[in-house]
Amino acid sequence: MSEPTPPLHYLSGELTLESSPLSGLAERYGTPLYVYSRGAIEQAWRDYDSALDGHPHLVCYAVKANSNLALLNLLARLGSGFDIVSIGELERVLRAGGDPARVVFAGVGKREEEISRALEVGIRSFNVESAAELERIDRVARRVGRRAPVALRVNPDVDPGTHPYISTGLKESKFGIPMAEAGALCRRAAAMENVELVGIGCHIGSQLTRLEPFRDALSRVLALADDLAGEGIPLRQIDAGGGLGIRYRDEEPPTPAEYAAALLPLLAGRRETLIVEPGRSIVGNAGVLLTRVEYLKQNGERRFAIVDAAMNDLLRPALYDAWQPVWPVRPRQGTPIRYDLVGPVCESGDFLARERELALEPGDLLAIGAAGAYGFVMASNYNSRPRPAEVMVAGGGDWLIRERETLDELMQGERLLPDA
Ligand code: LLP
């Protein structure tokens, strides 16, 4: 078992997050429970912001990674921008006090009502992913009487070297506009009456652990910006996307400072504002999922620890075969045994971790690490399981930032058919 990474620490034989003992939180709020560290989230955002200090920039947190209102509000207070992909994320940002003028709207399937709402509140830019979307934005903008700021998301055809499900910048992916067509579409956008072409950008994938793909992609985007400038189409922003990885197991991803040091030289002497859209690297390592062992069971040679969290609470292991660290909250003496950590959901794919050496008894608490990003946001009600509560810890205090879903809420909105 590896050592936990800060803000997790063992203090007097007990796992703590930002010095809050996790067993106390489990007692108070129940399990399964997501717990996040305010300090770690704020530090990660500031790391990006200060690393990019040498150039005009905007750190737009990718809301999809974790969209809890309290978390968005903390980032809004720091002056963060936000990268959104739906009207739901837009309304969250607004309710959390985020500045719409710092919102960029990505995604391949923007609906008309999403576009008109974003125009109404005055977002910074639409990151456009196709010619058809550009036409739609132009039409909606005319109807609502606003000029729509647009940035084209190009597909630079760079292999990010990550899991295929989270690679987005290869030419066969559904994302972005092929490089060969991007110039023509930018010219078209620049000539449109109801849109204003403000930038171009890319996002090539997630959980990247090397810097070269980021540099390659940005170089290609900047070459296109140069071509456009040469034709009298200057841009004000360049979006490098998100994607910086975190440590789950033994990865050694670059820090935001190393990331910035790789990208900023490419921008030397340029005036465009650099936008970055990090999600995972802001919140991933700031959160854990707490779960309690219900039963221990052996089938043939395999031993299972059946816990009270499941694939509906944390989908990454089942969906991507992702490895997430597991730590006992109060490690016990005894010979470790190899367990698969599984939940109560009726699927063989319902596992949270496999083949982990642990000394366990029923009732023990476990913390699944690196669960702050793409954890709660991907939770579902499968098997009619209410979704977990979420808690934020800061400086020894703790706050419930989302109540555990109740059984009534689980069935809210459902209707029976009339008798006849
Ligand atoms: N910008 C765009 C346009 C994106 O599509 C994404 C992530 C981001 C920014 C943020 O990327 P990050 O910095 O978090 O890597 N559910 C998957 C991850 C999907 C990422 C989708 N797009 C997982 O659990 O690994």
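Overall, region 55-131 carries a charge dipole of about 240 debye about its Cα centre when +1 sits on the Cβ of Lys and Arg and -1 on the Cβ of Asp and Glu, all other atoms neutral.
Ignoring ligands, DNA and RNA, please state the percent of accessible area on region 164-304 from carbon and sulfur, probe 1.4 Å. C and S fraction of accessible area: 48 percent. Within the listed set 400, 218, 72, the residue fluctuating most in the Gaussian network model of the chain (springs between alpha-carbon atoms under 10 angstrom) is 400. Straight-distance candidates among the lysines for linking to residue 110, with alpha-carbon spacing under 30 Å and chain neighbours fewer than 8 residues away dropped: 64, 171, 174.
Across region 173-180, coupling constants 3J(HN,Hα) worked out from phi with the 6.51/-1.76/1.60 Karplus curve, θ = phi - 60°, read 7, 6, 8, x, 10, x, 3, 5 Hz, and Gly and Pro carry x. Within the shell defined by Cβ-Cβ distances under 9 Å, the residues around residue 239 carry a net charge of -1, with Lys and Arg each +1 and Asp and Glu each -1. Once the Cα atoms of helix 38-51 and of the chain are each reduced to a long axis, what angle between those two axes, in degrees from 0 to 90 to the nearest 10, is obtained? Computed tilt is about 30 degrees.
For region 1-112, the residue among 17, 56, 4 whose Cα projects farthest onto the positive side of the dipole built from Cβ charges is 56. In terms of overall dimensions, the C-alpha atoms belonging to the chain reach 71, 66, 42 Å along their principal axes, ordered largest to smallest. Treat region 346-420 as a sphere of radius equal to its Kirkwood radius over Cα pairs and apply Stokes-Einstein at 37 °C in a medium of 0.692 mPa s; give the translational diffusion coefficient in µm²/s, rounded to a whole number. Taking Rh from Cα pairs, D becomes 203 µm²/s. Based on the Stokes-Einstein relation at 10 °C and a viscosity of 1.306 mPa s, and on the Kirkwood radius from alpha carbon pairs, region 106-278 is assigned a translational diffusion coefficient of 96 µm²/s.
Specify the angular offset, from 0 to 90 degrees and rounded to the nearest 10, of the alpha carbon long axis of helix 212-230 from the longest principal axis of the alpha carbons in the chain. Compared with the principal axis, the helix lies near 20 degrees. When you restrict to C-alpha pairs under 8 Å that are six or more residues apart and normalise by the size of the chain, the relative contact order lands at 19 percent. Summary of the geometry: region 26-80 and region 188-247, compared by the centres of their Cα atoms, lie 24 Å apart. Listed by chain and number, the aspartates and glutamates placed with their C-alpha closer than 18 angstrom to that of residue 297 are 308, 340, 347, 350, 355, 357, 361, 364; residues fewer than eight positions away on the same chain are left out.
Roughly what percent of Cα-Cα pairs across region 95-137 reach past 17 Å?
Details: 249 of 903 pairs.
Result: 28 percent of Cα pairs exceed 17 Å.
Electrostatic bookkeeping for residue 130 treats Lys and Arg as +1 and Asp and Glu as -1; over the other residues with beta carbon under 11 Å from its beta carbon, the sum is 0.
For the chain, what does the helix formula give at 222 nm: sum of -39500 (n - 2.57) over DSSP H segments with n ≥ 4, over the residue count, nearest 500 deg cm²/dmol?
On the way: 12 runs with 123 residues, N = 420.
Computed ellipticity for the chain at 222 nm equals -8500 deg cm²/dmol.
Farthest toward the dipole's positive end in the chain, which of 334, 192, 318, given Cβ charges of +1 (Lys, Arg) and -1 (Asp, Glu) about the Cα centre? Positive-end residue among those listed: 192. For residue 249 and residue 193, a Förster radius of 51 Å and the Cβ-Cβ distance give a FRET efficiency of 0.45, rounded to the nearest 0.05.
The modelled label-to-label distance for the pair residue 120/residue 304, using points 7 Å beyond Cα in the direction of Cβ, is 4.9 nm.
Between residue 108 and residue 159, what length comes free when the chain is fully extended (0.36 nm per residue of separation minus the Cα-Cα distance, one decimal in nm)? Don't jump to the answer; show the numbers that get you there.
Values: separation 51, 0.36 × 51 = 18.36 nm, distance 1.98 nm.
Roughly 16.4 nm would be gained on extension.
In the assembled protein chains, residue 133 presents an accessible area of approximately 10 Å² (probe radius 1.4 Å). The long axis of helix 112-121 is offset from the longest Cα principal axis of the chain by roughly 80 degrees.
How big is the dipole moment of region 243-286 about its Cα centre under a simple scheme where the beta carbon of each Lys and Arg is +1, that of each Asp and Glu is -1, and everything else is neutral? Debye, nearest 20, please. It would help to have the intermediate numbers written out before the result.
Numbers: 5 positive and 6 negative charges, 28 e Å.
My answer is approximately 140 debye.
First measure r as the distance between the Cβ atoms of residue 384 and residue 231, then evaluate 1/(1 + (r/R0)^6) with R0 = 56 Å and state the FRET efficiency to the nearest 0.05. After rounding, the FRET efficiency stands at 0.45.
If you roll a 1.4 Å probe over the heavy atoms of the protein chains, what accessible area per residue do you get for region 106-278, in Å²?
Numbers: 7420 Å² over 173 residues.
Accessible surface, normalised per residue, equals 43 Å².
Projecting the Cα atoms of 202, 253, 121 onto the dipole axis of region 106-278, where Lys and Arg carry +1 and Asp and Glu carry -1 at the beta carbon, places 121 farthest toward the positive end. Counting only Cβ charges, +1 for Lys and Arg and -1 for Asp and Glu, the dipole size of region 211-262 around its Cα centre is about 160 debye.
The values are calculated or read from the model by the stated rules, or taken from the named source; none is laboratory data. Remember, predicted model here, so these are calculated numbers, not experimental data. No Cβ is skipped: glycine too gets one built from the backbone with ideal geometry, and neighbour counts run over all protein chains shown. Calculation scope for accessible area: heavy atoms of the full protein, side chains included, ligands and nucleic acids excluded. Shrake-Rupley method; radii C 1.70, N 1.55, O 1.52, S 1.80 Å.
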